[in-house]
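Right, one structure below, let's go through it.
Nothing in this text is a laboratory measurement; each read-out follows from the coordinates by a stated rule. Keep in mind that this is a model prediction, so the values were computed, not measured. Note that we place each Cβ from the backbone using ideal geometry, even for glycine, and neighbour counts take in every protein chain shown.
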Amino acid sequence: MAIVHRKAETVPAAEVAVRPAEASDLATIVALDTEATGLSKASYWKDRFAWYASGHKERFFLIAEHGKEPVGFIVGEVRAWEFGSPPAGWVFAINVKDDARLHGLGTVLFDALCARFRKAGAKTVRTMLAKDAQVIMSFFRSQGMMAGPFIELEKRLA
Amino acid sequence: MRLQTATRIAIFAVLELAAEPERQLSAAEIASRFGISVNHLAKVLRTLGRAGLVEALRGVGGGYRFRGNAKRVTLLDVILLFEPVGPAADGSREPGQDTPDGRALRRVLNEIDDIARATLSSISLATMLKLVGQEKSQEPLRRAARRAAVDVVG
């Protein structure tokens, strides 16, 4: 998951529309992710697109569009009763085009996803991040997210 | 986790100044808001000034003003000016640290330190100011709850 902010005079958040992703967005999604992570994961995103953009009422793959150009995306779903948790919205990915950052587009996408989570019955939104992913963690912190009641544990399998 | 007094004062001062970056405040004004010593605050402000987070303005109406980027400066940035977060930064040894027990204990403590650093490095001053705003908006409710509690006890 990655979000980077940089100067972008041409893409004010107020002029951005958010809509569900379409099959024709897939190439842009892969390109945005490649731009942010340096890794091209076309088959991964094809698989994720099939799962999250299928029209299921609790899965969301949203595109931020400026004019006709996709400039960012966010992906999430409502999941319930894992580890005893009531329905909660999970954010799995967020990305804003490199030259469109620092103008609140991430916030527009996050707010749009949260609105859909609320409509689907979720009372909480959560995500999971690498501890050293300071930029993206700062973004979620700026949205008011704090540590929740769960903690991730793991072990290397011999 | 507890912060040293100088660190807490620094966080309060920098938040107070960052809330309105164009405003100048004297050390006395900041000190009175938090009930802290002006002398202690003055030392802290000198450290913040050397780090480029605040600037001292001389003359009539002088005082201190925030100079950083509130969206980029994090709590960890401020804290590290005054104290280490995590294992002793001065390289001092802990009793038993090279024993299996000491190493096992260090692994567990490192886990806590890692989380502390990740948390503090992800909270910008701008995010802190939002949290302060939330706390301020809840103050009337808290005061009302305290009054109600006093009425019940009284």
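Side notes on the structure shown:
- Each Lys and Arg contributes +1 and each Asp and Glu -1, all at the Cβ; summed about the Cα centre of chain A, the dipole is approximately 480 debye.
- Label sites at A:Ala130 and B:Arg147, each approximated as a point 7 angstrom past Cα along Cα to Cβ, lie 5.2 nm apart.
- In chain B, helical runs assigned H by DSSP with n ≥ 4 each contribute -39500 (n - 2.57); averaged across all residues and rounded to the nearest 500, the mean residue ellipticity at 222 nm is -19500 deg cm²/dmol.
- For the protein assembly as shown, convex hull of alpha carbons as volume per residue, Å³: 234
- Percentage of interatomic Cα-Cα distances in chain A larger than 22 Å: 41
- Greater than 28 Å apart at Cα, pairs in A:Lys119/A:Lys155; A:Lys46/A:Lys68; A:Lys119/B:Lys130; A:Lys97/B:Lys130: A:Lys119/A:Lys155
- Per-residue average of Cβ from other chains inside 10 Å of A:128-137: 3
- Packing, as the average of other Cβ atoms within 10 Å across residues, places the peptides B:33-39, B:46-52 in the order B:46-52, B:33-39, highest first.
- Values of log10 I(q)/I(0), in the order q = 0.15, 0.19 Å⁻¹, for chain B under a Debye, Cα-only, solvent-free model: -0.89, -1.14
- Peptide B:115-124, shielding by other chains (average Cβ, 10 Å cutoff): 5
- Principal axis extents of the Cα atoms in region B:88-154, from largest to smallest and rounded to whole angstrom, are 57, 35, 19.
- Degrees, to the nearest 10: A:42-52 long Cα axis against longest axis of chain A: 70
- Computed from the C-beta positions of A:Leu39 and B:Arg2 and an R0 of 35 Å, the FRET efficiency is 0.25 to the nearest 0.05.
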